[in-house]
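The values are calculated or read from the model by the stated rules, or taken from the named source; none is laboratory data. Owing to the predicted nature of the structure, the values given are computational and were not obtained by experimental measurement. Here the Cβ is made from the backbone with ideal geometry for all residues, glycine too, and neighbour counts use every protein chain on show. In case anyone asks, the SASA skips ligands and DNA or RNA and just uses the protein heavy atoms, side chains included. Shrake-Rupley method; radii C 1.70, N 1.55, O 1.52, S 1.80 Å.
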Amino acid sequence: MSNENLAELLFPDVRLLPTDIYSLYPPRDLPSSAFVTRFAPSPTGSLNIGGLYATLISERLAHQSNGVFFLRIEDTDKKREIEGSLENIINSLSYFGILFDEGPQLTGDDKGDYGPYKQSSRMQIYQVFIKHLVRNGLAYPCFCDTDDLQKIRKSQQDIKVTTGYYGQWAKHRDITFEQAKEEISNGKPFVIRIKSSGSSGRRITYHDLVKGPIEIPENDQDIVIMKTDGLPTYHFAHAIDDYLMGTTHVIRGDEWLSSVPIHIQLFETLGFRVPQFGHIAPIMKQVGASKRKFSKRKDLDGTAEYYKEQGYPGISISEYFMNLINSNFEEWRMANPYQSFREFFIHTEKMNASGALFDMNKLDDISKEVISRLTGQQVFEYLYTWSKEFDSELYSLIDKNQDYTVNILNIGRTIDKPRKDYSKWSDVKPMIAFFYDELFEKDVSSGYMLPTSVNFDVAKEIVLGFSKSYRFNNEKEVWFHKIKELAGELGFAKDMKQYKANPNIYKGHVGDVAMVIRVALTNRTNTPDLFNMMKVMGETRVLSRMETFLGGSI
Ligand code: GLU
């Protein structure tokens, strides 16, 4: 009876009972093999790659089992909140192709029947359960202020026992209704603590999905479940929400492993089914010869935003993460080059229990592969969207020259083994800049970069000769034949074999002639196929670049 009175004293306005809440959250209508997982970030800034990695795992586990993956925003700590985080998280997940079935939307509405999905909108629900625990003698108000807690701590340190609020040290554990009433009438703030039934001498065992069997001491601390401002603590809100929302598997960073005893205790005290837990080690960064965790402050490349800014397609990151999640993905990918990575089944027990290493070179290789499978039109569309946000010069160029750009991007792409030259959208501009007259003119205004083996006067003869014989409609064979003839006329060997037999009697060979033409057109010595390039550039541009070269300097 006194617990009942205490509960009324503390929460006079809370009228609902847990049963009222349960009726709003019926069990999900899913087969028992379906996983329900979630990503539960706090809105404290941008997403880091570790978070993204864990999220992909959660999303895959849900969707590969025909389950549900949802997003929940854990915003009960208003002090740590950073404005714009929610938008940033939603946009990042969408960029990286991690789609959630339920959760907050950019419009401000929620999608899904198990919401609200922002903890700050769930205060009444938490209070119903807190009141319920007090009513049942499983939780109690604690009026200790920081000074009181400090004193307890000091006494514990003096006699060298574990510090904290537990057992005989828990001053308000057995507080009576009258005492509580008096504290409240004196205006004393209070928190609510759980009355822990655990003992640090006992151990719990559970099977971690990633780390395997874990044995860890029980929680004996009377942890705070509601703060003085009436908001629940993370631990408590997590238990309530994951139960009501039907989470079956909690996948998260291993910084939460040590909280598992608290969480299991909370689920059990509340009479809830305990979900399965899987704790992922942080992704490591290679620095010189050693490995370390990504640092929030130092490592720009530790944020999801960085990969978006650099222009890695979201799918490249997912493909790369799949390799880190299960190392047999690589073999599967080789056997199934055209299937979506979503066809591959991931297994938590095959995951790396210690930190997986983030290998930038591998990411680049995978991303090149991914981009090489796209059509020129698709690359154009990605580039268009990316440059609009991150490279206004490129954006205005490709916007003005849309068809031309698609043709440029198609060079070397419409064949069996397409070129693997771009790993990210920011790679594209330096490689195709010369196609655009504005950038090309800027480039050659400070002179042409001819290889030192070629004399500029001879180069001009080559370009003059070529421009006279050049016909846009010539087939590749005819076109090349003309270059060979020109080589012969100007004292170059028509083929390598000839040249190698008597190098001294020639100025060079046909390759040098083609190189000069290449430089005249692009001011580069390394470009895609010369003939294809000319086709894309068109007759007028080719001839005008020849003219520019003839009037130019080195
Ligand atoms: N809000 C917690 C965080 O920011 C979530 C932890 C969990 O997934 O349970 O990491």
(message) Suppose accessible area is computed on protein heavy atoms with a 1.4 Å probe; arrange TRP332, TRP425, TRP256 from highest to lowest.
(response) TRP256, TRP332, TRP425
(request) For the range 466-476, take each phi angle, set θ = phi - 60°, evaluate the Karplus expression 6.51 cos²θ - 1.76 cosθ + 1.60, and give the result in whole Hz per residue in order, putting x for glycine and proline. (result) 5, 5, 5, 8, 5, 10, 4, 7, 4, 5, 4
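Quick check on the chain: helices-only [θ] at 222 nm, where DSSP H runs of length 4 and up contribute -39,500 (n - 2.57) each and the sum goes over total residues. Nearest 500, please.
-13500 deg cm²/dmol
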(request) Rounded to the nearest 10 degrees, what's the angle between the helix 85-95 long axis and the longest principal axis of the chain, both from Cα atoms, 0 to 90? (result) 50 degrees
(message) Based on alpha-carbon atoms only, what is the radius of gyration of the range 192-284 relative to the globular estimate 2.2 N^0.38 Å?
(response) 1.08
(message) Amide H of MET245 versus every other amide H placed in the peptide plane: which residues, excluding those fewer than 5 positions away on the same chain, fall under 5 Å?
(response) none
(request) Could you tell me what percent of the DSSP beta bridges with both partners in the chain are antiparallel, to the nearest 5? (result) 60 percent
(request) Using only Cα atoms, find the angle between the long axis of helix 360-372 and the longest principal axis of the chain, and express it within 0 to 90 degrees, rounded to the nearest 10. (result) 60 degrees
(request) Send over the Kirkwood Rh of the chain, from the inverse of the averaged 1/r over different Cα pairs, rounded to one decimal Å. (result) 28.6 Å
(message) For a quick check: with amide H placed at 1.01 Å from N, whose amide H comes under 5 Å from GLY253's, ignoring anything fewer than 5 positions away on the same chain?
(response) ILE280
(request) Write down the Å³ per residue value for the convex hull defined by the alpha carbon atoms of the range 197-240. (result) 91 Å³
(request) Express in whole angstrom the spacing between the alpha-carbon centres of the range 226-278 and the range 207-222. (result) 13 Å
(request) Pop out the ³J(HN,Hα) list for the range 518-532 in order, Karplus 6.51 cos²θ - 1.76 cosθ + 1.60 with θ = phi - 60°, rounded to Hz; leave Gly and Pro as x. (result) 4, 5, 4, 7, 10, 6, 9, 9, 10, 9, x, 3, 4, 4, 4
(message) If packing is taken as the average count of other Cβ atoms within 10 Å, what order do 50-63, 79-92 fall into, highest mean first?
(response) 50-63, 79-92
(request) Return the long-range amide H neighbours of LYS118 (sequence gap of 5 or more, or a different chain), with a cut-off of under 5 Å between placed amide H atoms. (result) ILE73
(message) Taking θ = phi - 60°, what integer Hz values does the Karplus form 6.51 cos²θ - 1.76 cosθ + 1.60 yield along the range 392-405, in sequence order, with x for Gly and Pro?
(response) 5, 5, 4, 4, 5, 5, 6, 5, 6, 10, 5, 5, 4, 5
(request) Determine, for each peptide in 32-41, 2-11, the mean count of other beta carbons within 10 angstrom over its residues, then list the peptides with the highest first. (result) 32-41, 2-11
(message) Taking the full set of protein chains and a 1.4 angstrom probe, give the accessible area of ARG252 in square angstrom, rounded to the nearest 10.
(response) 20 Å²
(request) Using only the Cα atoms of the range 105-233, construct the convex hull and provide its projected area averaged over every direction, in square nanometres to one decimal. (result) 11.9 nm²
(request) For the range 363-476, state the average projected area of the convex hull of the C-alpha atoms over all orientations, rounded to one decimal in nm². (result) 9.7 nm²
(message) Sorting check: for 302-314, 94-106, 155-167, which peptide has the highest mean count of neighbouring beta carbons within 10 Å, and how do the rest follow?
(response) 302-314, 94-106, 155-167
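Divide, for the range 240-387, the radius of gyration over alpha carbons by 2.2 N^0.38 Å, where N is the residue count.
Normalised by 2.2 N^0.38 Å, the Cα Rg of the range 240-387 equals 1.28.
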(message) With both bridge residues required to lie in the range 211-340, what share of the DSSP beta bridges run antiparallel, to the nearest 5%?
(response) 50 percent
